[in-house]
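Asker: Have a look at this one.
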Amino acid sequence: MAEVNPSQQPTVPAAQAIHHELRNAENSAAFVLPTLQSMKMSNPYLALLDVGAGSGTISASFAKALPDGHITAVDLNPNILPRARAVAEAAGVTNIDFQQADVKKLPFADASFDITFCHQTLTHMSAPEDALREMLRVTKPGGIVAAREGDFETEAVWPDLPGLVKFHRFAAELMRSAGGTPTAGRQLLSWALEAGAERSKVAVSFGTWSYHTQSDKDTWARGLIAVVKGGPMREKGLNAGLTTEGDLDEMIHDWEKWAASSDSSVAMLHGEILIQR
Ligand SMILES: C[S@@+](CC[C@H](N)C(=O)[O-])C[C@H]1O[C@@H](n2cnc3c(N)ncnc32)[C@H](O)[C@@H]1O
């Protein structure tokens with residue numbers, strides 16, 4: 001197992017996960033909850049798989065919503081798992097376990113889960129249809145596959161300070177250079193069809209998030225500043241020649257200015273799909 005990076009100790013979120021920890025099932029998986037509740041009425045012992053769970057704040061709230069069910073949370077990055085376990089422990093949930101796994105090669109038998117879920121995971125990888133095909137494989141007939149992905153190109157930020165415009169272009173380029181898709185939200189349905197889902201069995205919706213309270217803006221800016229200052233974005237961006245030290249400093253300066261400004265906000269559209277298996 002890879003060495004635990006000091007920035008990914010259980011007591012603190014990893015730089016890239018600071019703002020992820022604002023997420024829970026209510027604010028990030030509301031499109032799944034009515035179906036989850038109706039499935040729970042006929043079977044309280046539901047098995048839910050969360051792939052690319054990260055710090056697992058959404059997984060932990062699914063565990064609360066399914067007190068007699070069981071949550072399996074997996075992530076490709078083993079270093080994030082100690083933090084996810086600590087988040088679940090702090091939330092007081094025990095019906096959850098964590099393991100390292102690649103969504104494209106899940107270590108589970110066919111038809112193992114009632115619900116297979118991912119949030120902001122497919123946007124970061126190449127061939128996301130392969131991931132959805134694998135999620136469908138491990139889901140029981142009669143179960144559901146649910147995915148929600150941001151559409152980074154719909155990010156609406158105000159004030160549009162020059163450093164933030166540079167940040168947006170840089171983050172989108174970095175995502176593309178790693179095989180990801182900054183327009184994932186609008187492409188989710190096509191990926192589901194490529195993965196073999198029947199159109200009549202896919203329900204599509206779009207949701208938004210927005211950060212405009214002082215506390216949310218502080219967390220958002222703190223997270224982005226952490227990755228730009230010393231986190232993975234800085235190193236990868238400089239190594240790939242996608243940015244410069246001067247531009248990174250301008251991005252940090254303008255995120256600080258944005259968070260301190262009383263009229264600032266940021267919002268983004270998200271695509272959501274529910275596939276009946
Ligand atoms: C943006 S984070 C989202 C975390 C969490 N779902 C949330 O919304 O807070 C994306 C996560 O997907 C994981 N990931 C990326 N590729 C993966 C893969 N092939 N298999 C499993 N997890 C993967 C990353 O390690 C990361 O923790």
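Asker: Per residue, what volume in Å³ does the Cα convex hull of the chain take up?
Answerer: Roughly 121 Å³ of hull volume per residue.
Asker: Taking only Cα atoms and a 10 Å spring cutoff, compute GNM fluctuations for the chain and point out the largest among G52, G230, G163.
Answerer: Top of the fluctuation ranking is G230.
Asker: Moving on to the next point. Which percent of the Cα-Cα distances in the stretch 33-77 go past 11 Å?
Answerer: Of all Cα-Cα distances in the stretch 33-77, 64 percent exceed 11 Å.
Asker: Using alpha carbons only, how many angstrom separate the centre of the stretch 17-33 from the centre of the stretch 54-76?
Answerer: The two parts, judged by their Cα centres, are 11 Å apart.
Asker: Another one. With 10 angstrom as the radius, rank V228, V145 by how many other C-beta atoms surround their C-beta, starting from the fewest.
Answerer: In order of increasing Cβ crowding within 10 Å: V228, V145.
Asker: The stretch 37-131: D in µm²/s via Stokes-Einstein (Kirkwood Rh, Cα pairs, 37 °C, 0.692 mPa s)?
Answerer: Rounded to a whole number, D works out at 243 µm²/s.
Asker: Report, please, the projected area of the stretch 9-83 averaged over directions, based on the convex hull of its C-alpha atoms, in nm².
Answerer: Averaging across all directions leaves 4.9 nm² for the Cα convex hull.
Asker: Just to be sure I understand: if I project the alpha-carbon convex hull of the stretch 173-277 onto a plane and average over all orientations, what area do I get in nm²?
Answerer: 8.3
Asker: Sticking with this one: Any idea how far apart K64 and M175 come out in nm if each label point goes 7 Å out from Cα toward Cβ?
Answerer: 2.8
Asker: What is the ratio of the Cα radius of gyration of the stretch 62-211 to 2.2 N^0.38 Å, with N the residue count, to two decimals?
Answerer: For the stretch 62-211, the normalised Cα radius of gyration comes out at 1.15.
Asker: Helix 214-229 versus the longest principal axis of the chain: what angle, 0 to 90°, nearest 10, using Cα atoms?
Answerer: Orientation of helix 214-229: about 80 degrees from the principal axis.
Asker: Quickly rank 179-190, 110-121, 234-245 as a protection proxy: mean count of other C-beta atoms within 10 Å, highest first.
Answerer: The packing order, highest mean first, is 110-121, 179-190, 234-245.
Asker: Let me know the number of lysine pairs in the chain closer than 19 Å at the Cα, not counting same-chain pairs under 8 apart.
Answerer: Eligible lysine pairs with Cα atoms under 19 Å apart amount to 12.
Asker: Could I ask something else about it? Along its three principal axes, how long is the stretch 147-202 when you only count alpha carbons? Whole Å, largest extent first please.
Answerer: 44, 24, 12
Asker: Hey, another quick one. Any idea how far the Cα center of the stretch 91-149 sits from the one of the stretch 214-277, in Å?
Answerer: Cα centroid to Cα centroid, the span is 27 Å.
Where a number appears in this text, it was derived from the coordinates with a stated rule and is not lab data. Because the structure is a prediction, the values reported are computed rather than measured. As a convention, Cβ positions derive from the backbone with ideal geometry for all residues, glycine included, and neighbour counts pool all protein chains shown.
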